[in-house]
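Notes for the one structure printed next.
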Amino acid sequence: NNEKSVPQLLIRDLKFENKSLAKPMFSPDQENHPSKAPVKYGELIVLGYNGSLPNGDRGRRKSRFALFKRPKANGVKPSTVHIACTPQAAKAISNKDQHSISYTLSRAQTVVVEYTHDSNTDMFQIGRSTESPIDFVVTDTVPGSQSNSDTQSVQSTISRFACRIICERNPPFTARIYAAGFDSSKNIFLGEKAAKWKTSDGQMDGLTTNGVLVMHPRNGFTEDSKPGVWREISVCGNVFSLRETRSAQQRGKMVENETNQLQDGSLIDLCGATLLWRTAEGLSRTPTVKHLEALRQEINAARPQCPVGFNTLAFPSMKRKDVVDEKQPWVYLNCGHVHGYHNWGNKEERDGKDRECPMCRSVGPYVPLWLGCEAGFYVDAGPPTHAFSPCGHVCSEKTTAYWSQIPLPHGTHTFHAACPFCAHQLAGEQGYIRLIFQGPLD
C-alpha cells in the first residue's frame, strides 16, 4: 500500500484557532470571587475512573473528593501516653469524646496514646467504611469495570479506616498523611499481629495490615515530572522503605530525610485503590474539562477521515464515554493509524483480537479511542495526540509518557504501569502510541 499519496494528519499539525486554548481556563468562581470562595486544600482523585464512578458519583462515594477548610477545626494531636492496663488507659479507650490510638503489645500490656484537639489543623479520613467518621469512601478499583456490580464480588483489601490527612488551616496549608483512621468510637486499634514498636523518644508507632504507600513525583506534577520512590507511611506519619510484601510483620527501614507531607502529584496507595493528590495551586494550572471539550471540538472540526471508508470520524461527547459511537475513531495499536470501525483484515485464525492495518499491513490489536476526561490526570494542557495501549484512552503526549513510567502497586507485591483513566495494565514497548489521522481528501 503506498500511503504517501494519502494526506496524513497528526493532531499536533492542526492549527488550534481558539486562542483561549493557549492558556488553561479557570473555573468562573476562581475569577469572580477569589476572596469569598472557601479555602481549598486540594483534591484526591481515584485512579481508574474517567471523570466519575461507573454508576455515578453519590454522596461520599465518588471518583474525586475536594478538601476544603472546615468551618471549625477538627484536627487532633498526640498528648498523654498510658502504659499497661491501668484504669486511665481503659477510660481513655472507652471515652467516646477522646481520640486515642491503642497499641496491643501482649494480652497483659496495651499502650494507649490519647489525642487532644488541635485548633490549627483539619482532619479528613479515607477508607472503605461508610460510617460517619469517613469523609471519602473508597472501594476497590477493578480495571476497566463499567458498573459497580463488577466490583462487588471482590474481597476488599482496602482497610475500613485506611488513612487520615491533616491539613494546616493557615498558609501554606500543608497536608500530611498518616496511616489508619479513627473509628466511630474515635479509636485506632493496632492488634497483636500489627507491626508496632517503641520509638527512640519513648513514643509508640506502627503500620496497618496492608499498609499505606506514598510516592512523591520528582519535579512536582508537571511536564517534567519523573516517578519518585514508593514508601510506606506509619500511623504516626513516619516514612519507611517498603516491607517485603504488603502485610509482612517486619517493617522496612526508616527514611530519615523524607516526610509524610503531600505535594502536588503525590500518589497514595491503599492496597486496592490508588489516589492522586492535587494541590489547589496545582489544579489551577491544570486544563479544565471545558479546555478538554474545546480540544475535542478542534479535532472533530478538522474532519479526520477513515482511510478505508472515507467517512468522517468524530470523538463522542464526554458524557457518552462508554458506548461505542458509529463515528468513533478506532486505532491499530501497533502503528497508530486511525480508522473508522470496519471488518477489513479480520483473520479468523488470529482469534479476532489482532487485525492487519490496511495502511501499513502491521498486525496488532484494533480498539476504539476514548478521550481522557479526568483533567486532574493531565500533566500539561497539550492536544490529545497519543493513546494508551491497550485501552485506547487518548490524552497529551507528555501525560501518556509520564503515566507509562509509573509503577503502580498491584496485589501484595507486584507493580506495573497502568492507564490512569481505566486502571488497565499498559502493554507494548512504551505503553502508548502516537496517533496518525488522515485529513479530509477535499
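The values are calculated or read from the model by the stated rules, or taken from the named source; none is laboratory data. Just so you know, these numbers come straight off a predicted model, no measurement behind them. Glycine also receives a Cβ, built like all others from the backbone with ideal geometry; neighbour counts cover every protein chain displayed. In case anyone asks, the SASA skips ligands and DNA or RNA and just uses the protein heavy atoms, side chains included. Shrake-Rupley method; radii C 1.70, N 1.55, O 1.52, S 1.80 Å.
For segment 105-142, residues that are outside any loop (DSSP other than H, G, I, E, B), buried (at least 18 other Cβ atoms within 10 Å of the Cβ) and among the hydroxyl-bearing types (S, T, Y) total 3.
Counting only residues that are under 25 Å from R296 (Cβ atoms) and in contact with a strand residue (DSSP E or B) (Cβ under 7 Å, 6 or more places away or on another chain), segment 402-440 holds 17 of them.
Residues checked against (1) among the aliphatic types (A, V, I, L, M); (2) in contact (Cβ under 8 Å) with a residue 12 or more places away in the chain:
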residue	(1), (2)
G272	no, yes
L275	yes, yes
K290	no, yes
R303	no, yes
C306	no, yes
F315	no, yes
K319	no, no
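Please indicate, with yes or no, whether at least one residue in segment 204-213 is in the same structural domain as R64 (by the TED database), farther than 30 Å from P38 by Cα, open to solvent by 20 Å² or more (accessible area, probe 1.4 Å) and out of contact with any Ser or Thr (no Cβ under 7 Å at 6 or more places or on another chain). No, because not a single residue in segment 204-213 is in the same structural domain as R64 (by the TED database), farther than 30 Å from P38 by Cα, open to solvent by 20 Å² or more (accessible area, probe 1.4 Å) and out of contact with any Ser or Thr (no Cβ under 7 Å at 6 or more places or on another chain).
Residue by residue, here is whether (1) open to solvent by 40 Å² or more (accessible area, probe 1.4 Å); (2) in a strand (DSSP E or B) holds:
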| site | (1), (2) |
| --- | --- |
| G382 | no, no |
| A387 | no, yes |
| P390 | yes, no |
| P409 | no, yes |
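In segment 175-203, the qualifying residues are those that are hydroxyl-bearing (S, T, Y) and under 28 Å from the mean Cα position of the chain (by Cα), and the one that is most open to solvent (accessible area, probe 1.4 Å) is S184. If you scan segment 159-170, which residues turn out to be within 19 Å of S266 (Cα to Cα) and assigned to a loop (DSSP other than H, G, I, E, B)? The one that is within 19 Å of S266 (Cα to Cα) and assigned to a loop (DSSP other than H, G, I, E, B): A162.
From the list R64, R58, which one is crowded, with 16+ Cβ neighbours inside 10 Å and at pLDDT 60 or above?
Working: R58 fails: crowded, with 16+ Cβ neighbours inside 10 Å.
Going through R64, R58 in turn, the sole match is R64.
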